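Accompanying notes for the structure given below.
The values are calculated or read from the model by the stated rules, or taken from the named source; none is laboratory data. Here the structure is a predicted model, which means the values were calculated and not measured. Because the Cβ atoms are built from the backbone with ideal geometry, glycine has one as well, and the counts that use them run over all protein chains shown.
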Amino acid sequence: MTAVRLLLLLFLGLASVACPHRARLLGAGPLSIRAEPIIAFEPGAPARTRFGSLDFVGGLALTSDHPPFGGLSALRLEPDGEGFVALSDRAYWLRGRIVYQDAVPIGIAGAAMGPIIGPDGRPAEHWDTESIARDGDTLYVGIERLNAIARFDYGRLGFLAPARLIAPVAEIAKLPRNQGLEALVAVPRDLPLGGALIAVSERGLDEAGNISAFIVGGPNPGVFHIRRSGDFDVSDAALLPGGDLLLLERRFTLTGGFAARIRRLPEALLRPGSLADGPILLSADRRHEIDNLEAIDVGRAPGGGLRLTLLSDDNYMPFQRTLLLQFEPAATSF
């Protein structure tokens, strides 16, 4: 259970039913996802499309009657920018395809869900799965609370691929249970850290209050830190083609609701012993169409170029939403 979800549950007096339909989540198969368009990112200024260094393209509010749907915490896009694999923090895969009209997202097609299979061949229903990294046909999944990383032969076996836990990383294993491993990125082989995984904690802090991050494997493994500010916690990360790291961060308060931002960390600072920081590309709060934003990826726009896709985790709460939001870099910003 994430700190955000616990705070919401305690606020509503619902902590005793934090997992109300665990027993019903053991189905797998296709599902229908309804999509309501989000035309304006800031409803109070509907004509505005530029937000920081990004242009809002469009979005969708997603719903489904399929019991496992919700709690989406990670996303990786296929090279075509349409296909995707996501996961919920209750250890379910979700795959599908984003449907576009005039380069604007209008729906989800071909969706299917299935339980993540643990090393013992059974559904890993107790795993808090928070992050995905893609290295070709191999997927890596970060497991919060366990603070472990699992490897899946997804390209060959899909949902049937069993988890293979990689060798424990001592520094990651020491992270807090509920604010531990939160973001995971695979570095392409043609970059300086090629072949490594970059793992970032939600709120595992050093003595100076900076966020702990880890380079796992590759040519230069080790620990670095990211400057923390504004009481934001890490919720996901993605790499730009040149190697810069986009960090998705979120904050929740009972008085202000959710806030989110995207920070760009230069590739040159992703090194053992470094303290990384960088410019904020996007800031959003309750004036904007956001919820508990938990997932980010960088993909190809329908007409070419880069497009950022964000997903929110509804915490399986009826008053929260599963949102898919898309932005493109402003012409002068990337």
- Go through (1) farther than 26 Å from ASP190 by Cα; (2) out of contact with any Gly (no Cβ under 7 Å at 6 or more places or on another chain); (3) surrounded by fewer than 19 Cβ atoms within 10 Å (Cβ to Cβ) one by one and return the number of the condition GLU294 breaks. (3)
- Item | Filtered residues of the stretch 217-268 (kept if of a type in the set (D, E, K, R) and out of contact with any Pro (no Cβ under 8 Å at 6 or more places or on another chain)) | ARG227, ARG228, ASP231, ASP233, ASP236, GLU249, ARG250, ARG251, ARG261
- Quickly run through the stretch 297-334 and pick out the residues that are aliphatic (A, V, I, L, M) and surrounded by fewer than 23 Cβ atoms within 10 Å (Cβ to Cβ). VAL298, ALA301, LEU306, MET317, LEU323, ALA330, ALA331
- Please verify whether the stretch 80-93 includes one or more residues that are under 16 Å from ARG321 (Cβ atoms), modelled with pLDDT of 95 or more and assigned to a strand (DSSP E or B). yes
- Selection count where residues are surrounded by fewer than 18 Cβ atoms within 10 Å (Cβ to Cβ) and closer than 19 Å to LEU269 by Cβ, scope the stretch 196-209: 4
- Query: Would a scan of the stretch 243-260 turn up a residue that is touching a residue at least 12 places away in the same chain (Cβ under 8 Å), part of a loop (DSSP other than H, G, I, E, B), buried (at least 21 other Cβ atoms within 10 Å of the Cβ) and in contact with a strand residue (DSSP E or B) (Cβ under 9 Å, 6 or more places away or on another chain)?
  - Reply: no
- Query: From GLY243, GLY230, GLY256, which residue is of a type in the set (Gly, Ala, Ser) and modelled with pLDDT of 95 or more?
  - Reply: GLY243
- Message: For the stretch 194-242, which positions are more than 21 Å from TYR140 (Cα to Cα) and either in a loop (DSSP other than H, G, I, E, B) or of a type in the set (S, T, N, Q) (or both)?
- Response: ASP206, GLU207, ALA208, GLY209, ASN210, ARG227, ARG228, SER229, GLY230, ASP231, PHE232, GLY242
- Report those strands (runs of 3 or more DSSP E) wholly inside the stretch 132-193 carrying at least 1 residues which are exposed (fewer than 15 other Cβ atoms within 10 Å of the Cβ). none
- Task: Taking the residues in the stretch 290-315 that are free of Cβ contacts under 8 Å to residues at least 60 places away in the same chain and small (Gly, Ala, Ser) as candidates, determine which candidate is farthest from GLU249 (Cα to Cα).
- Result: GLY304
